[in-house]
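Here is the structure we will look at, set down as C-alpha cells.
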Amino acid sequence: MELANIQQSLSAANLDGWLFYDFRKSNPIAYNVLSLPKNEPYSRRWFYFVPAHGTPTALVSAVESHVLRSLPGTKRVFRTWQETRAYLKELLRPGMRVAMEYSPLNAIPYMSRVDAGTLDLIRSYGVEVVSSANIAQRFEAQLTAEQLDSHREAGRRIIAVKDALFKELGEKLRAGHPLDEYSVQQRFLSLLQQAGTVPDLPHVAVNANASNPHYESTASHHSPIQRGDLILFDFWAHLPIPNAIYADYTWMAFSGTLEEIPLHQREVFEIVKRARDAAIAFVRQRLAEHQPVEGRQVDDVTRAVIAEAGYADYFIHRTGHSIGTSVHANGANLDNYETQDDRLLIPHTCCSVEPGIYLPAFGIRSEVNLLILEHTAEITGIPPQQEITPLL
C-alpha cells in the first residue's frame, strides 16, 4: 500500500479522505489499491479510511478481526450494526469530501463498486461522496518503467508472430491447402506460445463473422477460409514474467492478391484507419499542449470520423479500453458510447485504440495500443496497418 502517495493524491484533489468499503470482495479496486491478499476469506463487510493527513483507521468485524492486518493505522472492531454506525460517525465529520468507488449516474460501471445503501449510510453523516475514479487509476493503471518495457517487448513479439503467420497462410493458399478459422486460430496460438509469450485465445473471423466483435470459432463451429475471403485477426499476450503488461492488436488480411480486394472493403478500411489516426493525433496534441484529455473526448473524435463517412450505426463499441496486467484493465477507457468515461488519460498508462465498422457482409477493425507518457503518446504494434494485407 502506497500510503504517502494516496494521501498526496487526496490533498491534490482537495479531498478529506478515501473511504474503502467491501463486502464479500465486491470491490476489487480496493483490494488492488490497498495491495490486499485476495485468497483469504472475507465474509463480513469492512471499511478502511485513509485521511488526507494523519493515520488511517480500519473498521473490521469481530468475526474476522484479522482482516486488513497488513495495513497501517489503528483498528476498531465492531460486533453489531449499531457499533459499525457509531464508529463511522466518529470517523466522518459533517462537511467532509470523501472518495469512494462509485460513479454518479453509473456513468462508469467499472467504478460502481459501492452499493447504494452504503452510499446512503455515508451521506447520512453529512459527508459528500466523490467518485474515486481518477485517483484510483493512479494506483490501478499507472505502470512502472519495467512494465512499460514488458508491453513493448510483448508487442514486438506478437507482431512478428502475426507476420510469420500471414506468410505461412499465403504459402498454404498457393498450395491449395484447406484452411478454416479454427485451425488457423490454433496455429496462431501455438506460434504465440513458441515466441515466449502468454497468449489468450486469438480471434480469427472471416467475412460476416468479423461483424461480431467478440466472435470466437470453435472446433465444432467455424467457417472455411477460401480465396477471396476477408479475415480479421485479434490477438493479445504478455511476457511470462510477474506483473507483465498485455499487448493487444487487430489486423485485417485478405486471402488473395492486392488487386482482388473489393473496393468497398478498401474504402471501409480507409475510414477505420482515418478514425484510428485521428484519435492518436488528438491525444498527442492535447498532451503536447499540456492539456487534460478524457477518455470520452477521444471516443468522440474517433466516432466523428466514422459518422461523417456515413457509418455511425455500424461502429457499435467504444474506441478503446485500458490495458494492464489484464487485457481489460481498470484505467480510463476511450468511451463516450457504451459508458461516459470522463477519467483522464494519465502518464504511464496503456490503452487500445480500435475503431471498427461492422456491416452485414463483413467487419473491419484496426487496433494499436497507446502508451500515455508525460507529454506524448507512443504507438505500439508498429507499424500501424495502412491497408488490408493481401496473403497472396
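The values are calculated or read from the model by the stated rules, or taken from the named source; none is laboratory data. Just so you know, these numbers come straight off a predicted model, no measurement behind them. Cβ atoms come from the backbone with ideal geometry, glycine included; neighbour counts cover every protein chain shown.
Residues are listed down the side, and each one gets a yes or a no for (1) without any contact (Cβ under 8 Å) to a residue 12 or more places away in the chain; (2) not charged (D, E, K, R):
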{"residue": "S65", "(1), (2)": "no, yes"}
{"residue": "R69", "(1), (2)": "yes, no"}
{"residue": "V77", "(1), (2)": "no, yes"}
{"residue": "L88", "(1), (2)": "no, yes"}
{"residue": "G95", "(1), (2)": "no, yes"}
{"residue": "A116", "(1), (2)": "yes, yes"}
{"residue": "S124", "(1), (2)": "yes, yes"}
{"residue": "N134", "(1), (2)": "no, yes"}
{"residue": "K162", "(1), (2)": "no, no"}
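State the number of residues belonging to segment 298-329 that are touching a strand residue (DSSP E or B) at 6+ places or on another chain (Cβ under 8 Å) and hydrophobic (A, V, I, L, M, F, W, C).
First pass over segment 298-329, keeping only residues touching a strand residue (DSSP E or B) at 6+ places or on another chain (Cβ under 8 Å): 298-299, 302, 306, 311, 314-325, 327-329.
Retained after the next criterion (residues that are hydrophobic (A, V, I, L, M, F, W, C)): 298, 306, 315-316, 323, 327, 329.
Result for segment 298-329: 7.
In segment 28-80, what residues are part of a helix (DSSP H, G or I), touching a strand residue (DSSP E or B) at 6+ places or on another chain (Cβ under 8 Å) and hydrophobic (A, V, I, L, M, F, W, C)?
Here is the first cut: in segment 28-80, the residues part of a helix (DSSP H, G or I) are 28-33, 62-64.
Pick out the ones that are also touching a strand residue (DSSP E or B) at 6+ places or on another chain (Cβ under 8 Å) and you get 30-31, 33, 62, 64.
Once the filter is applied, which keeps residues that are part of a helix (DSSP H, G or I), touching a strand residue (DSSP E or B) at 6+ places or on another chain (Cβ under 8 Å) and hydrophobic (A, V, I, L, M, F, W, C), segment 28-80 yields A30, V33, A62.
Just a yes or no: is a residue in segment 73-83 aliphatic (A, V, I, L, M), surrounded by fewer than 21 Cβ atoms within 10 Å (Cβ to Cβ) and in the same structural domain as I122 (by TED's automatic domain parsing)? Steps first, please.
Here is the first cut: in segment 73-83, the residues aliphatic (A, V, I, L, M) are 77.
When the remaining residues are screened for being surrounded by fewer than 21 Cβ atoms within 10 Å (Cβ to Cβ), the result is 77.
Checking which are in the same structural domain as I122 (by TED's automatic domain parsing) leaves us with 77.
Yes: segment 73-83 contains one or more residues that are aliphatic (A, V, I, L, M), surrounded by fewer than 21 Cβ atoms within 10 Å (Cβ to Cβ) and in the same structural domain as I122 (by TED's automatic domain parsing).
Go through segment 29-63 and give me each residue that's surrounded by fewer than 16 Cβ atoms within 10 Å (Cβ to Cβ) and in contact (Cβ under 8 Å) with a residue 12 or more places away in the chain.
Residues satisfying the conditions are S35, P37, K38, E40, P41, S43, H53, T55, A62, V63.
Name the helices (runs of 4 or more DSSP H) wholly inside segment 110-205 in which the number of residues that are more than 23 Å from the chain's Cα centre (by Cα) and farther than 30 Å from A377 by Cβ is 3 or more.
On the way: elements: 116-123, 133-140, 145-174, 181-194.
Those helices (runs of 4 or more DSSP H) span 116-123, 145-174, 181-194.
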